[in-house]
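Presented below is the structure to which this report refers.
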Amino acid sequence: MKATIEDLMKVLAENIEGIELDKITPETNIKDLDGWNSMNALLIMALMETEFDTSVKVDQLKNCNSIKELYSFI
């Protein structure tokens, strides 16, 4: 069964400091959140691999403007 965008948002909120589930939407740009840094980018890449069995390259993540766009890789 394919993960939903809500699943992705929950994983992000549970694993990345500064992301709160009740304050994000599919349109949220994660790079605009307080505390965003390159370590969070690496963590997202690792989470996509372990939680959703998909890989996201650095360039792909750099070009993501929303959680919805990140979800498109799942």
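Return the residue satisfying two criteria in turn: it lies in the range 1-24 and is in contact with a Phe, Trp or Tyr (Cβ under 6 Å, 6 or more places away or on another chain) and not small (Gly, Ala, Ser), and of such residues it is surrounded by the most Cβ atoms within 10 Å (Cβ to Cβ).
Per the criteria, the residue is LEU8.
Looking at the range 25-44 only, could you name the residues that are open to solvent by less than 30 Å² (accessible area, probe 1.4 Å) and of a type in the set (Asp, Glu)?
Hits for the range 25-44: nothing passes.
Working only within the range 45-74, note down all residues that are open to solvent by less than 70 Å² (accessible area, probe 1.4 Å) and under 15 Å from GLU6 (Cα atoms).
LEU47, MET48, PHE52, SER66, ILE67, LEU70, TYR71, PHE73, ILE74
The values are calculated or read from the model by the stated rules, or taken from the named source; none is laboratory data. Since this is a predicted model, take the numbers as computed values, not measurements. Glycine gets a Cβ as well: all are built from the backbone with ideal geometry, and neighbour counts include every protein chain shown. Only protein heavy atoms, including side chains, enter the accessible area calculation; ligands, DNA and RNA are left aside. Shrake-Rupley method; radii C 1.70, N 1.55, O 1.52, S 1.80 Å.
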